[in-house]
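Asker: Supplied in structure tokens, the structure appears directly below.
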Amino acid sequence: MRRVFVIGTGLTKIGEHWDKSLRDLLTEAILMAVDDASIALNDIEAVYVGNMSSGYLQSQEHLGSLVATWLGIPGIAACKVEAACASGGASFHQAYLAVASGLYDCVVASGVEKMTDAITSDVTSALIMADDQEYVAYIGATFVGLNALVYRHYMEKYNVKQEKIAAFSVHCHKYAKYNPYAQFRKEVTLEDVMSSPMIADPIHLLEAAPIGDGAAAIVLCSEDFVSKLKLNREVEVLASTMATDAFSLYDREDITTLKATRIAAEKAYKIAKISPEDINVLEVHDAFSILGVIHLEDLGFAKKGEGWKLVEEGELEVDGKIPTNLFGGLKARGHPIGATGIYQIVEVTWQLQGKAGKCQVDNAEIGLAQSVGGVGGTVVINILKRVG
Amino acid sequence: MMVVESVPRYWRERKYRYRLIGSECKKCGKRYYPPRRVCLNCGSRELVEVKLVETGKVVSYTVIRVPPKEFQGLTPYVIALIELDDGTRLLSQLTDVAPEEVSTGMKVVATFRRVKEQSRDGIIEYGIKFKPI
Amino acid sequence: MKTIIDVGIVGYGAYIPIYRIKDIEIARVWGRSRVPIEEKAIAGPDEDTVTMSVEATKYALKRAMIDPKEIGAVYIGTESPAYAVKPSATIIAEAVGISGNILAVDMEFACRAGTTAMQNVIGLVASGMIKYGLAIGADVAQGRPGDELEFTAASGAAAFIIGKKEESLAIFEGSSSYATDTPDFWRREGEYYPRHFYRFTGAPAYFKHIVEAGRMLMEKLGLKPSDFRYAVFHQPNVKFPLRVCKMLGFSVEQVKPGLLVNLIGNTYAGSSLLGLAATLDLAKPGDRIVVVSVGSGACPGAFSIVTTVLIEEKRDKAPLVSELIKKKKYVDYAFYAKFRGKIRTR
């Protein structure tokens, strides 16, 4: 496999973009990434678009070809990549494979989601498409509801009070205030979180990632391409792995762990020749506070049932043992489903490039972004390293 | 916009949804609901249809307060991860019980209920829910 | 009407939803001072005639102890089917594992529909056309808000599996039926609630028909009221069955076990069949029971049934009516209206 480098990032602010369509957001993000990479549009050979709900909520499919034309470069290879909420991570994974395989030299990994054109009950219907339609959606489960089942079981199994887990949301908001692209930039207290309305017991509104629109993009290229154009090659992709778990909760032995995270992480650490201690900065897929805690355990940063301790002991802070979600995470930065995985990698890239401002982790050398689809039905792990 | 209405998509699952019929692996004995072709446990393709036990207990549950459109009339309602007395696990809605009456470990029994309407003039969909014993 | 060979009830099952609304709560909303019964049972938001029938049938199968695939006919009598056009009988059959080789029939005859279903099934079994037959009477009776009948219109179902006398817990001695054109209660196409003609539903309808059918039955079988241990009458309220029982010469003691209306309301097509089920729940072998149902329109149906020794061993295989009555949760008028679709959302 060839070496693959990240040379440009682009993104839109996340929020309710009443005046921007799906194609507007996507084009904006990719153009920004292209300019950031200092390449020409004609250098792009392929574009991957991570997205989950464009068909259902926008009646629009075929996003790859759509954006190729909208960028003024029809003729290139392009397609939509879908893995529920891991679509962004999966899009990056495809882009990585495209360059690593040797077939392409310069590609774009992007993600976009336009959620706010629909009312909440339709978005709720869209989200549960990540799980079994016939025997999970059919019985009235919502995506929040499934995570609530995990949350309650976790608390009972490990005897952990909800406040310890809800604190994850507080952490995310603390850092989002420095992120101009974040959907929510105000801090929240634990009290705010615990007194916010219940969506699906025990999950409070402020423990759940919001609904919002956004798009993000990354330019990846080969070593040849970098040297030919004499570009800055500060960030390299050390490993990109993907794994699945039993699709629905009813097929899992232990619903308090995501096997797909463990499988993908183990493979990624092996390929990158590192262990968890070597990670300097982390982006986990905290669609809900309970997931944030569980991911820390499954990625190897804490023992099962103890992930919440890292939050309490300040280890997730910018100067902690494992700085995590320093741009707000899904909770505060936002979660435009198919784009989130790309946002995470953009944020890791900035940390490695020293562009993280007030949230800069000292001497960040290796970063990991974890993108999760469904309740862990798919997990994509991307590990990046500063080389320049 | 509602999920696309379809009669055949509902119709082909009715036996399994009405009568709690799942699969049993002839090789290792593991039972599944919904039924499937390949055993997750041992990889065997020899699975047979089996009528599952209709009683079980609640493993975990939640109260849905922000529902999809078709379940709005029932809000707040309870969904649970249930383990049947024959070991099969499934997800189902609980009925005839108030949210505050539900607890982990609670014993429940299957009951045939109206699940939803495809639309006001579309077909009615039926299935199994669980209620306290 | 007598059958050539004896057939009887091989299994029976009752279903009453858990929700109850007190009549004084309905009276509170509509400004009434007197109420006909204490409380009535109402189907929950995820229940309908089909679901209640399925539960009642499953209980009947437990008592019958037969393979559902041996049932040759499914008849459901109701005036509140799930669909205006599309049978409920086929959904019920599929839900309990009855095979495709059956006669499936949905029938309507107001409150008589359940016993009409039973009458038909008796004929099919007795003729040798089928081995076992399933007859159900069920309704989610829709009470017009603010109307007199809203105080009693209730939800419930009863299922009876008919078969040969050797397997029966009760055997049919004979029945009587006659029909007249008596428009005491009706619903026009497109109308959501039925209408009735108040006092006309009494003497010229309910009383005349039940008394006629009861007398005809006893005359044909050469029986008198004292030959019966129990009597079950269709129960639109408490007063009517108590009055008609006296008119026919029965005592209140004979009627009491099957008189459920005060606590569950009038379950329409399920009414007399639920009364019968409650009576079978405590009858001893050799007890003779008369059931006189009547449906507006009008047609009464009277049956004479005698229990066998099998009643004692089959009875406890499914919940008793008294147990179902005890299992309850009260709702107020707002939730009652919501559950039963009386609040407009469009």
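Bear in mind these aren't lab numbers, they're just calculated from the coordinates by the rules spelled out. A quick note: this is a predicted structure, and the numbers were derived from the prediction, not measured. Positions of Cβ are backbone-derived with ideal geometry, glycine not excepted, and every protein chain shown enters the neighbour counts.
Asker: Take the eigenvalues of the Cα gyration tensor for region C:92-215, scale each by 5, and report the square roots as semi-axes in whole Å, largest first.
Answerer: Taking √(5λ) for each eigenvalue gives 30, 20, 12 Å, largest first.
Asker: Same structure, new question: What number, rounded to the nearest 500 deg cm²/dmol, is the helix-based mean residue ellipticity at 222 nm of chain C, given -39500 (n - 2.57) per DSSP H run of at least four residues and division by all its residues?
Answerer: Calculated at 222 nm, the ellipticity per residue is -8500 deg cm²/dmol.
Asker: Here's another thing I want to ask about it. Just going by the charge dipole of chain C, with Lys and Arg at +1 and Asp and Glu at -1 on Cβ, which of C:43, C:104, C:273 is farthest out on the positive end?
Answerer: Selected residue: C:43.
Asker: Using only the C-alpha atoms of region C:58-103, find the volume of their convex hull and express it per residue in Å³.
Answerer: Here the figure is 81 Å³ per residue.
Asker: Bin width 20 Å, alpha-carbon pairs only: give the P(r) of chain C as whole percents, running from 0 to the bin holding the largest distance.
Answerer: Binned Cα distances yield the sequence 35, 59, 6.
Asker: Then there is this: Within a 10 angstrom radius of the beta carbon, how do C:309, A:293, C:96, A:387 rank from fewest other beta carbons to most?
Answerer: Least to most surrounded, the residues fall as C:309, A:387, C:96, A:293.
Asker: Can I ask one more? Between C:219, C:173, C:25, which gets the highest mean-square fluctuation from a Gaussian network model of chain C, Cα cutoff 10 Å?
Answerer: Greatest mean-square fluctuation among the candidates belongs to C:219.
Asker: Okay, moving on. When every alpha-carbon pair in region C:1-65 is counted, what percent end up more than 18 Å apart?
Answerer: 59 percent
Asker: Count, for each residue of B:118-131, the Cβ atoms from other chains sitting within 10 Å of its Cβ, then give me the mean as a whole number.
Answerer: Mean number of neighbouring Cβ atoms from other chains: 3.
Asker: Just for the Cα atoms in region B:53-133, what are the lengths along the principal axes, largest first, rounded to whole Å?
Answerer: In descending order, the Cα extents are 38, 25, 17 Å.
Asker: Another one. What order do you get for C:49, A:27 when you list them from fewest to most C-beta neighbours inside 10 Å?
Answerer: Going from least to most buried by this count: A:27, C:49.
Asker: What list of ³J(HN,Hα) values in whole Hz, one per residue of region B:89-100 in order, does the Karplus curve 6.51 cos²θ - 1.76 cosθ + 1.60 (θ = phi - 60°) give from phi, with Gly and Pro shown as x?
Answerer: Couplings: 10, 8, 9, 8, 8, 9, 9, 6, 8, 7, x, 6 Hz.
Asker: Ranking B:12, B:89, A:3 by Cβ neighbours within 10 Å, fewest first, what do you get?
Answerer: On the way: B:12 11, B:89 20, A:3 16.
With the fewest neighbours first, B:12, B:89, A:3 line up as B:12, A:3, B:89.
Asker: Let me ask something else. Explain nothing, just the number: relative contact order of chain C, from Cα pairs under 8 Å at least 6 residues apart, as a whole percent.
Answerer: 26 percent
Asker: Given that compact globular proteins tend to follow 2.2 N^0.38 Å, what is the ratio of the alpha-carbon Rg of chain A to that value?
Answerer: 0.90
Asker: Still on this structure, I have one more. Determine the shielding of peptide C:12-19 by partner chains: average, over its residues, the number of Cβ atoms on other chains within 10 angstrom of each Cβ. Walk me through the numbers on the way to the answer.
Answerer: Working: counts 0, 0, 0, 1, 0, 1, 4, 1.
So the per-residue partner count for this stretch is 1.
Asker: What is the average number of partner chain Cβ atoms found within 10 Å of a Cβ in A:200-207?
Answerer: Average per residue, whole number: 3.
Asker: Shape call for the protein assembly as shown from the C-alpha gyration tensor, a ≥ b ≥ c root eigenvalues: rounded (a/c under 1.5), prolate (a/b greater than b/c) or oblate?
Answerer: Numbers: a/c = 2.82, a/b = 2.63, b/c = 1.07.
Since a/c reaches 1.5 and a/b is larger than b/c, the shape of the protein assembly as shown is classed as prolate.
Asker: Hey, with R₀ at 51 Å, roughly what FRET efficiency would residue C:322 and residue A:157 work out to, going by the Cβ-Cβ distance, to 0.05? Numbers along the way, then the final one.
Answerer: Working: r = 42 Å, r/R0 = 0.82.
In this case the efficiency is close to 0.75.
Asker: Based on the Kirkwood radius over alpha-carbon pairs, what is the Stokes-Einstein translational diffusion coefficient of region C:1-160 at 25 °C with 0.890 mPa s viscosity, in µm²/s?
Answerer: Answer, rounded: 149 µm²/s.
Asker: Which residues' amide hydrogens lie under 5 Å from the amide hydrogen of residue C:79, considering only partners 5 or more residues apart or on another chain, with H built in the peptide plane?
Answerer: When sequence neighbours closer than 5 places are left aside, the close amide H contacts are C:269.
Asker: Please work out the ratio of the alpha-carbon Rg of region B:8-52 to 2.2 N^0.38 Å and round it to two decimals.
Answerer: 1.16
Asker: Follow-up question, since we're still on this one. How big is the Rg/Rh ratio for region A:141-271, C-alpha atoms only, Rh by Kirkwood, two decimals? Numbers along the way, then the final one.
Answerer: Numbers: Rg = 19.5 Å, Rh = 18.3 Å.
The Rg/Rh ratio comes out at 1.06.
Asker: I've got another one for you. With r as the distance between the Cβ atoms of residue A:190 and residue A:358 and R0 = 22 Å, compute the FRET efficiency 1/(1 + (r/R0)^6) and round to 0.05. Please list the in-between numbers first.
Answerer: Details: r = 22 Å, r/R0 = 1.02.
Using R0 = 22 Å, I get an efficiency of 0.45.
Asker: While we're looking at this one, here's another question. Chymotrypsin sites (Phe, Trp or Tyr not before Pro) within region C:129-238: which are DSSP loop residues with at most 16 other Cβ atoms inside 10 Å?
Answerer: C:178, C:192, C:197
Asker: So if I place +1 on the C-beta of Lys and Arg and -1 on the C-beta of Asp and Glu, and nothing else carries charge, what would the dipole magnitude of region C:171-312 be about its Cα centre? I want it in debye, nearest 20. Mind showing how you got there, number by number?
Answerer: Values: 15 positive and 12 negative charges, 84 e Å.
Once rounded to the nearest 20, the dipole reads 400 debye.
Asker: Here is a follow-up. Can you list residues whose amide H is under 5 Å from residue C:153's amide H, if they're 5+ apart or on another chain and H is modeled 1.01 Å from N?
Answerer: Here C:266 satisfy the definition.
Asker: Based on DSSP loop calls and a cut-off of at most 14 other Cβ atoms within 10 Å, the longest stretch of chain B free of exposed GluC sites (Glu not before Pro) is what?
Answerer: Longest stretch, sites excluded: B:47-133.
Asker: Now a separate question. Hey, if you put +1 on the Cβ of every Lys and Arg and -1 on every Asp and Glu Cβ in the protein assembly as shown, which of B:22, C:196, A:73 ends up farthest toward the positive end of that dipole?
Answerer: Farthest towards the positive pole: C:196.
Asker: Can you give me the long-range amide H partners of residue B:44? Hydrogens built in the peptide plane at 1.01 Å from N, cutoff under 5 Å, separation of 5 or more residues or another chain.
Answerer: Hits under the 5 Å cutoff: B:39.
Asker: Right, next: Explain nothing, just compute: Karplus ³J(HN,Hα) = 6.51 cos²θ - 1.76 cosθ + 1.60, θ = phi - 60°, for every residue of region B:120-126 in order, whole Hz, x for Gly and Pro.
Answerer: So the J values, rounded to whole Hz, are 4, 10, x, 6, 9, 9, 10.
Asker: Pop the C-beta distance of residue A:312 and residue C:99 into the FRET formula with R0 = 60 Å and round what comes out to the nearest 0.05.
Answerer: 0.45
Asker: Residue farthest toward the positive end of the dipole of chain A, with Cβ of Lys/Arg at +1 and Asp/Glu at -1: which of A:123, A:42, A:302?
Answerer: A:42
Asker: Only sites in a loop by DSSP and with at most 16 other Cβ atoms within 10 Å count here; which trypsin sites (Lys or Arg not before Pro) in region C:1-72 make the cut?
Answerer: Numbers: sites: C:2, C:20, C:22, C:28, C:32, C:34, C:40, C:58, C:62, C:63, C:69; in loops: C:2, C:32, C:34.
Counting only loop positions with at most 16 other Cβ atoms within 10 Å, the trypsin sites (Lys or Arg not before Pro) in region C:1-72 are C:2, C:32, C:34.
Asker: With every atom except the alpha carbons ignored, what do you get for Rg and Dmax of region C:171-312, in angstroms?
Answerer: Cα only, region C:171-312: 15.0, 49 Å (Rg, Dmax).
Asker: Provide the convex hull volume over Cα atoms per residue for region C:110-158, in Å³.
Answerer: Details: hull volume 3.0 nm³, N = 49.
Per-residue hull volume (Cα only) is 61 Å³.
Asker: Could I ask something else about it? Pop out the ³J(HN,Hα) list for region A:7-24 in order, Karplus 6.51 cos²θ - 1.76 cosθ + 1.60 with θ = phi - 60°, rounded to Hz; leave Gly and Pro as x.
Answerer: 10, x, 10, x, 6, 10, 5, 9, x, 8, 8, 4, 9, 10, 8, 4, 5, 4
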